[in-house]
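Each remark here refers to the structure printed beneath this line.
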Amino acid sequence: MQQGTELSAEDKYQLLRDISFKIKDTLDLNLILNHLLDSLKSVIDYNAAGIFVLSKAIDHPDYHFPGQKIGGIAKRGYESTPLESDKMLSEGKGIIGYVINTKESLIIDDVRKDDRYVIGRKKTLSELAVPIIMNDKAIGALDVESDKLSSFNQNHLEILQFFADASAISLEKAILHNQILEKKKLEEQMQIAKDVQSSLLPAQPPEIEGYDIAGVCIPTFEIGGDYYDYIKLDKNHLAIVIADVSGDGIPAALIMASFRAILRNQLKIDSDSTEVMTVLNKQISEIVRKRDFITAFYAKLNYEQHILSYTNCGHNSPILLKSDGKIELLETGDPALNILDAASFNSNSVSIAPGDQIVFYTDGVIEIFNKNSEEFNVERLQKVIVDSKDKSASEIINNIVESTRNFSNTKLYRDDFTLVVIKRK
């Protein structure tokens, strides 16, 4: 085939067949596009050529840097210049930028006479560029340059457009493949994050004579910002905490992990509820944003004397169901963490008689809605607790989960859902 001659249907078929054969066994974008440039050389004589794509169209660090508008995906014959001095790549200017912005093909007989041209090669005198179209949008351009004047004509333009179409198909194929790989990588990372977060929650409840304890955390997404824990302090005391970080997903999970680390470290020094919350409030404020906050309920159970000392920092008040059927709410009215820099916290205590049970929960348990936009609310939760009073701690949790799902007619929760039940036998 002579270079620059008009392509017949048979020529196009043969070229497409040759290109397909070369790239059929690879999804490597760099390899595919370089094959295209090699094939292009057989039909158009050029001194430099390149396939350039908008950075936003292909989110891959191998092809562009932060702030770079156009990525040099595949190039031949261009001089190596610093990014900051290349206005075409960094700012989207020049012939390439014009073609992408307008979707218009250009034949430039003398680049020195064209105001749109920015110097990419000092030897270039003529240039031909066509847009690469995907889904009716120009995502890039295919460009050839020559050291001679008036090197390109309409036949060359038709040939180049044919290669631009092949480039678009290859780009779409590679981009979709890359998205699948990135999605798989993200899913793998999220699974690792989920496993790590699960390891930060209790693997099983503590075994304390005379008590039945159970807990569950169901995040809205793979990971979330709810937290509960049991920490053995000494032979007679158990720390119990439930907390809810504002927001959800990865940011909330990271704050939760920090909260857990600070809490457990502080409990090695002092387990008094007011002191623990004061330290947490101060240290959390140093590592989170001003708009983030944490509601938390911290309790210290003396299971020899059966007394629960606690501090409630803006959290949903746990429900104490007495053995005689009466309900009390454990609240102290203190602010959530990271709301006030110099917040002071109060403590309270309650005796736990045989048959008493306490249900700790986050707002995801009660802020559930049915098809009529009615909220599950505290009153419905209390009814389930009363109706389940003769059940074990884990059975009580199962009943609450089942009741909320029946109420909303879905197994999905709009917010992280966490429960802890402590029952004195």
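The values are calculated or read from the model by the stated rules, or taken from the named source; none is laboratory data. Everything numeric in this text was worked out from a predicted model, so none of it was measured. FYI the Cβ positions are ideal-geometry reconstructions off the backbone, even for glycines, and counts take in every protein chain you see.
So if I check each of 209, 222, which one is outside any helix (DSSP H, G or I), at pLDDT 85 or above, of a type in the set (Asp, Glu) and more than 30 Å from residue 105 (Cα to Cα)?
Of the residues listed, the single one that is outside any helix (DSSP H, G or I), at pLDDT 85 or above, of a type in the set (Asp, Glu) and more than 30 Å from residue 105 (Cα to Cα) is 209.
Let me confirm something: among 231, 240, which residue is free of Cβ contacts under 8 Å to residues at least 60 places away in the same chain, touching a strand residue (DSSP E or B) at 6+ places or on another chain (Cβ under 6 Å), under 30 Å from residue 311 (Cα atoms) and not hydroxyl-bearing (Ser, Thr, Tyr)?
None of the other options fit; the residue is 231.
Across the range 123-141, what is the total count of residues that are in a loop (DSSP other than H, G, I, E, B) and either small (Gly, Ala, Ser) or at negative phi (or both)?
3
When you go through 417, 369 one by one, which is the residue that is in contact with a helix residue (DSSP H, G or I) (Cβ under 8 Å, 6 or more places away or on another chain), more than 21 Å from residue 245 (Cβ to Cβ) and hydrophobic (A, V, I, L, M, F, W, C)?
On the way: 417 fails: more than 21 Å from residue 245 (Cβ to Cβ).
Sole residue among the options that is in contact with a helix residue (DSSP H, G or I) (Cβ under 8 Å, 6 or more places away or on another chain), more than 21 Å from residue 245 (Cβ to Cβ) and hydrophobic (A, V, I, L, M, F, W, C): 369.
For residue 171, are the conditions met, namely being under 34 Å from the mean Cα position of the chain (by Cα), farther than 18 Å from residue 96 by Cα and outside any loop (DSSP other than H, G, I, E, B)?
no
Only one of 271, 199 is assigned to a loop (DSSP other than H, G, I, E, B) and at pLDDT below 95. Can you tell me which?
Step by step, each of 271, 199 is checked, and only 271 is assigned to a loop (DSSP other than H, G, I, E, B) and at pLDDT below 95.
Only one of (1) surrounded by 16 or more Cβ atoms within 10 Å (Cβ to Cβ); (2) more than 19 Å from residue 211 (Cβ to Cβ) is not met by residue 405, so which one is it?
(1)
For the range 388-401, state whether one or more residues are touching a helix residue (DSSP H, G or I) at 6+ places or on another chain (Cβ under 9 Å), more than 19 Å from residue 217 (Cβ to Cβ), surrounded by fewer than 13 Cβ atoms within 10 Å (Cβ to Cβ) and at pLDDT below 95.
No, there is no match, as no residue in the range 388-401 is touching a helix residue (DSSP H, G or I) at 6+ places or on another chain (Cβ under 9 Å), more than 19 Å from residue 217 (Cβ to Cβ), surrounded by fewer than 13 Cβ atoms within 10 Å (Cβ to Cβ) and at pLDDT below 95.
What are the residue pairs meeting all of these: first residue in the range 20-47, first residue hydroxyl-bearing (Ser, Thr, Tyr), second residue modelled with pLDDT of 80 or more, Cβ atoms under 7 Å, and 6 or more apart or on different chains?
From the range 20-47, the pairs are 46/144; 46/145; 46/146.
Within the range 270-287, track down each residue that is within 28 Å of residue 378 (Cβ to Cβ) and free of Cβ contacts under 8 Å to residues at least 60 places away in the same chain.
Of everything in the range 270-287, those that are within 28 Å of residue 378 (Cβ to Cβ) and free of Cβ contacts under 8 Å to residues at least 60 places away in the same chain turn out to be 276, 280, 284.
What number goes with the only condition from (1) part of a loop (DSSP other than H, G, I, E, B); (2) out of contact with any helix residue (DSSP H, G or I) (no Cβ under 7 Å at 6 or more places or on another chain); (3) within 22 Å of residue 58 (Cβ to Cβ) that residue 120 does not pass?
(2)
Can you work out which of the residues in the range 335-354 that are in contact with a Leu (Cβ under 9 Å, 6 or more places away or on another chain) and in contact (Cβ under 8 Å) with a residue 60 or more places away in the chain is nearest to residue 241 (Cα to Cα)?
The residue in question is 337.
Can you confirm whether residue 223 is buried (at least 16 other Cβ atoms within 10 Å of the Cβ), over 24 Å from residue 423 (Cα atoms) and in contact with a Lys or Arg (Cβ under 9 Å, 6 or more places away or on another chain)?
Against the criterion (buried (at least 16 other Cβ atoms within 10 Å of the Cβ), over 24 Å from residue 423 (Cα atoms) and in contact with a Lys or Arg (Cβ under 9 Å, 6 or more places away or on another chain)), residue 223 qualifies.
Residue-wise test of (1) part of a strand (DSSP E or B); (2) surrounded by fewer than 17 Cβ atoms within 10 Å (Cβ to Cβ); (3) modelled with pLDDT under 70.
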| position | (1), (2), (3) |
| --- | --- |
| 51 | yes, no, no |
| 56 | no, yes, no |
| 62 | no, yes, yes |
| 67 | no, yes, yes |
| 72 | yes, no, yes |
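Out of curiosity, is residue 279 part of a helix (DSSP H, G or I), under 19 Å from residue 229 (Cβ atoms) and β-branched (Val, Ile, Thr)?
Numbers: part of a helix (DSSP H, G or I): yes; under 19 Å from residue 229 (Cβ atoms): yes; β-branched (Val, Ile, Thr): yes.
So residue 279 passes the test.
Counting residues that are among the charged types (D, E, K, R) and either in the same structural domain as residue 273 (by TED's automatic domain parsing) or under 17 Å from residue 306 (Cβ atoms) (or both), which helices (runs of 4 or more DSSP H) fully inside the range 318-425 reach at least 2?
Helices (runs of 4 or more DSSP H) meeting the threshold: 377-387, 393-408.
Taking the condition surrounded by fewer than 14 Cβ atoms within 10 Å (Cβ to Cβ) and either within 28 Å of the chain's Cα centre (by Cα) or at pLDDT 90 or above (or both), does residue 305 pass?
yes
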